[in-house]
Amino acid sequence: MFKYIIFDIDGTMIDTEKAVNYAYQSIIFKKHGRYFTNEELLKGYGVPTPISLERYGFTDIDAALKDYYHYLIEGFKKCTAFEGIPEILEKLKELNISMGVVTSRCQYEIEIDSCLQQFTRYFKSIVTSDDTTLHKPNPAPLLFAMDKLNAVPCETLYIGDTVFDRECAKNAGVKFALALWGSNNAENINADFFFKKPADLLDILKL
């Protein structure tokens with residue numbers, strides 16, 4: 001049914017919630033003198049880091065980024081892949097499924113993630129926020145990844161954990177699977193498929 005599988009990273013392949021929250025809250029406290037609530041943090045989710053920082057009230061974005069990355073590198077050292085991700089990537093490779101990544105991370109955030117680096121060999125295309133002017137939920141990054149994979153919409157599946165991922169897939173004309181293991185807002189996200197575990201992907205490949 002699908003010949004091309006494209007993954008989001010955070011909340012989909014790698015459990016980075018604690019690392020990202022730690023980094024953001026550390027610099028937020030230094031600037032605002034308090035930690036943000038979960039609701040306040042939500043306004044910075046699903047977009048490239050510089051945009052998140054602007055939404056959190058930072059004006060000197062370059063300085064804030066440097067500070068943020070200092071804490072993020074610390075947090076990344078404790079991150080792990082979600083259970084079942086290594087196995088599903090290996091299985092998809094065996095099935096000759098072309099795989100890609102579309103993320104709101106920049107290239108530097110890919111490079112400093114020691115956990116993610118063990119999986120990059122599986123992907124023929126890794127599209128970051130550096131690659132397109134427009135970002136999720138705009139379809140531009142997903143369309144760019146598909147172009148690099150020579151993929152067509154009807155044969156492509158995007159797997160993510162947020163409404164931004166869902167909208168990106170919808171706007172690109174591809175099917176979307178919600179990674180329930182990493183989603184914090186699953187009850188409010190419509191999807192074509194709902195995966196409780198990564199191996200559930202194999203069931204729809206048999207359709």
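The values are calculated or read from the model by the stated rules, or taken from the named source; none is laboratory data. Predicted model only: the values in this text are computed from it and were never measured. So basically every Cβ, Gly included, is an ideal-geometry build from the backbone, and we count neighbours across all protein chains shown. In case anyone asks, the SASA skips ligands and DNA or RNA and just uses the protein heavy atoms, side chains included. Shrake-Rupley method; radii C 1.70, N 1.55, O 1.52, S 1.80 Å.
Classify the range 110-202: rounded, prolate or oblate, from the alpha-carbon gyration tensor (a ≥ b ≥ c, eigenvalue square roots; a/c under 1.5 rounded; otherwise prolate if a/b is larger than b/c)?
Rounded.
So what is the accessible area of the range 1-112 per residue, in Å², with the probe set to 1.4 Å?
On a per-residue basis, the range 1-112 sits at 50 Å².
Would you kindly calculate the mean projected area, averaged across all directions, of the convex hull enclosing the Cα atoms of the chain, in square nanometres?
10.6
Could you tell me the center-to-center distance, by alpha carbons, between the range 123-176 and the range 43-73 in angstrom?
Their Cα centres are 23 Å away from one another.
Please compute the Kirkwood hydrodynamic radius of the range 22-84 from all pairs of different C-alpha atoms, in Å with one decimal.
Averaging 1/r across every pair of different Cα atoms and inverting gives 12.4 Å.
Mind checking the angle between helix 61-76 and the chain's longest principal axis? C-alpha axes, 0 to 90 degrees, to the nearest 10.
Between helix and principal axis, roughly 60 degrees.
Would you compute, from DSSP H runs of 4+ residues alone, the mean residue ellipticity of the chain at 222 nm, taking -39500 (n - 2.57) per run and dividing by the full residue count, rounded to the nearest 500?
Rounded to the nearest 500, the figure is -12000 deg cm²/dmol.
Only sites in a loop by DSSP and with at most 11 other Cβ atoms within 10 Å count here; which trypsin sites (Lys or Arg not before Pro) in the range 1-58 make the cut?
Passing sites in the range 1-58 are Arg34.
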